[in-house]
Every structure is written in C-alpha cells, then in structure tokens.
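Take a look at the structure below.
Bear in mind that the values in this text are calculations on the coordinates, not laboratory data. Please read all numbers here as calculations on a predicted model, not as lab measurements. Every residue, glycine as well, gets a Cβ built from its backbone with ideal geometry; the counts of neighbours run over all protein chains shown.
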Amino acid sequence: MGDPSSVILNRVFWSFKPSIEGFQYCKPIIQVDETFLTGKYCGTLLVAVTQDGNRDIFPIAFAIVEGETKEACMWFLYNLRMIVTPQPSLCVISDRGTRLLAALQDPRVGWLQHNSQSVFCIRHIASNFNKRFKNVELKKDVINMGYEVRQPRFEAKLTVLRSKNPQAAEWLDNIPKDKWTQAYDGGKRYGHMTTNLAECMNSVLKRARALLIKVFSSLFVLLLAKPL
C-alpha cells in the first residue's frame with residue numbers, strides 16, 4: 001500500500017505572472033516543442049515560447065508530463081489556452097507530429113475557437129519530405145518554396161518541382177498551403193517558419209533537464225530575470 005501522506009504528481013504545468021502579463025505585448029504567435037528529461041526522472045518537457053518586440057525569446061509556459069501522448073499534449077495545450085493565452089487570433093507553430101496535431105484539433109482543448117490556427121515548421125516538413133524521397137536537392141527546393149512570399153513565384157517553383165518529380169509534388173499537395181508556406185499563410189505567422197525559438201529554449205535547458213524537478217523549475221526564475 002502507498003503512503004497516504006504522500007502525493008505523487010503525474011504532471012506539472014507552470015507559467016509565471018510576468019509571462020502571462022507580458023504575452024499581450026508580444027507577437028501573437030506561439031512556438032511549441034518537446035524534449036526528454038535526462039536525469040533520475042523519466043518524462044517529457046513541453047515548452048511554449050513567443051518573441052517580444054525586441055526580437056528576444058519570451059518563454060510563456062512549461063510542463064513536465066509522462067510522455068509524448070495525445071492526452072499529455074491536450075492537457076498542456078488546454079492549460080496554456082485557459083491560463084496563459086486566452087487572446088483571439090493566435091498562431092501556433094509546431095512540428096507535424098500526429099499527437100500534437102490531434103491535440104490542437106480536439107475541440108475540448110479550445111484552440112479551434114476565436115480564429116486561432118496552427119501551422120507547421122518548414123524544417124520538419126522538409127525533413128519528412130527527405131525521408132520519403134531521399135533527395136537533398138528537392139528538399140532545398142521545398143524549403144525555398146516555404147519561404148517564398150509571392151504566390152505566383154511559389155506556384156512557378158511548384159510547377160518546376162512537379163516536372164522533376166510528380167510524386168514529390170503530389171506529397172506536398174496533401175498538405176494545405178496555408179500550413180507550410182508564407183505565400184498563403186496570410187501573414188499570421190509573422191515570418192516565423194520554424195520552431196527555432198522553442199528549440200533554442202530547449203538548448204538553454206539542456207543541462208537543467210538532468211536536475212531534480214524542484215531545482216529545475218526554480219531555474220526559470222533566473223531565466224526570466226534576464227533576456228536569453
């Protein structure tokens with residue numbers, strides 16, 4: 001039998017008041033990423049960041065969960081939406097992982113409301129493309145297409161790629177253009193084509209991921225005291 005005086009936290013979510021209040025002055029974008037803990041405790045660290053007016057990384061929320069499951073992603077995104085980012089017309093940038101996408105699209109999480117949308121990191125799109133077609137040159141073409149801001153130029157590049165490899169173009173046709181290109185995103189991603197901000201945050205926390213969770217969470221107080 002377990003000790004009734006002990007409490008075990010299966011998940012923990014936290015955000016600091018300066019992050020919650022400061023988000024309203026940042027770009028209306030959110031980058032979400034996940035990484036593994038490396039110390040005594042197994043689990044996954046989920047992070048959500050944005051960018052402020054000085055182009056600095058602005059961390060807004062964190063969670064430690066049992067793993068990269070749909071349920072854990074739903075729990076994190078629900079708390080993020082309800083507690084930290086209730087504003088309308090937000091844009092979430094993430095990889096194309098099925099669990100995270102399923103969580104974002106679940107109506108119980110709340111991200112489908114208030115005109116908020118999700119888009120994909122172009123680097124993850126290109127990586128998945130290269131795994132499928134094993135062609136580095138075509139991968140570069142896909143990245144260039146994603147960064148293209150003018151629709152006629154994008155369509156011309158897509159036509160060229162279709163002539164080189166019809167199957168590769170068909171693979172891209174299955175992804176809505178507004179999810180991975182600047183030419184069709186309506187400006188909602190503010191030029192941010194990757195999840196680099198969130199991945200930079202994970203890099204900053206590389207050693208911290210091996211710490212005890214109490215020490216680990218205390219580290220964020222220091223991070224918020226100075227720009228990254």
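Taking mean projected area of the Cα convex hull in nm² as the quantity of interest, determine which of (i) 14.7; (ii) 11.0; (iii) 12.8 was computed from the displayed structure. Here mean projected area of the Cα convex hull in nm² agrees with entry (i). Here C91, C73 are placed in order of increasing Cβ neighbour count within 10 Å, fewest first, which gives C91, C73. Relative to the longest principal axis of the Cα atoms of the chain, the long axis of helix 122-133 makes an angle of roughly 60 degrees. Of all DSSP-defined beta bridges confined to the chain, some 70% are antiparallel rather than parallel.
Helix 151-164 versus the longest principal axis of the chain: what is the Cα-based angle in degrees, 0 to 90, to the nearest 10? Approximately 80 degrees, to the nearest ten. Which one, F133, P152, W180, is farthest towards the positive end of the dipole of the stretch 122-192 when Lys and Arg carry +1 and Asp and Glu -1 on their Cβ? Checked the options; the winner is F133. If I histogram all Cα-Cα distances within the stretch 41-102 using bins 10 Å wide from 0, what percent of pairs lands in each bin? Going from the shortest bin to the longest, the percentages are 20, 52, 26, 3. Segment D178..C42, full-extension length gain: 45.3 nm, with 0.36 nm per residue of separation and the alpha-carbon distance subtracted. Over all other residues within a Cβ to Cβ distance under 14 Å of N165, the charged ones net out to +3, with Lys and Arg as +1 and Asp and Glu as -1.
Of all aspartates and glutamates in the structure, the ones whose alpha carbon falls short of 15 Å from that of K157, not counting any fewer than 8 places away in one chain, are E137, D141, E148, E170, D173. With R₀ set to 22 Å, the beta-carbon distance separating K157 from H124 gives a calculated FRET efficiency near 0.65.
Given the stretch 122-192, report the % of alpha carbon pairs whose separation exceeds 20 Å.
The calculated P(r) of the stretch 122-192 puts 20 percent of pairs beyond 20 Å.
In terms of other Cβ atoms within 10 Å, S116, S5, S163, S127 run from fewest to most in the order S5, S163, S127, S116. The residues neighbouring S118, those whose beta-carbon lies less than 14 Å from its own, together hold a net charge of +1 under the Lys/Arg +1, Asp/Glu -1 convention.
In debye, nearest 20: dipole of the chain around its Cα centre with unit charges on the Cβ of K, R (+) and D, E (-)? Roughly 460 debye, rounded to the nearest 20. The relative contact order of the chain comes to 21 percent, based on Cα pairs under 8 Å that sit 6 or more residues apart. Charge dipole (Cα centre; +1 on Lys/Arg Cβ, -1 on Asp/Glu Cβ; no other charges) of the stretch 77-191 amounts to roughly 240 debye. State which entries of K139/K177; K27/K134; K27/K164; K139/K206; K70/K177 exceed 27 angstrom in Cα-Cα distance in the structure shown. Going by Cα-Cα distance, K27/K134; K27/K164; K139/K206 fall outside the 27 Å limit.
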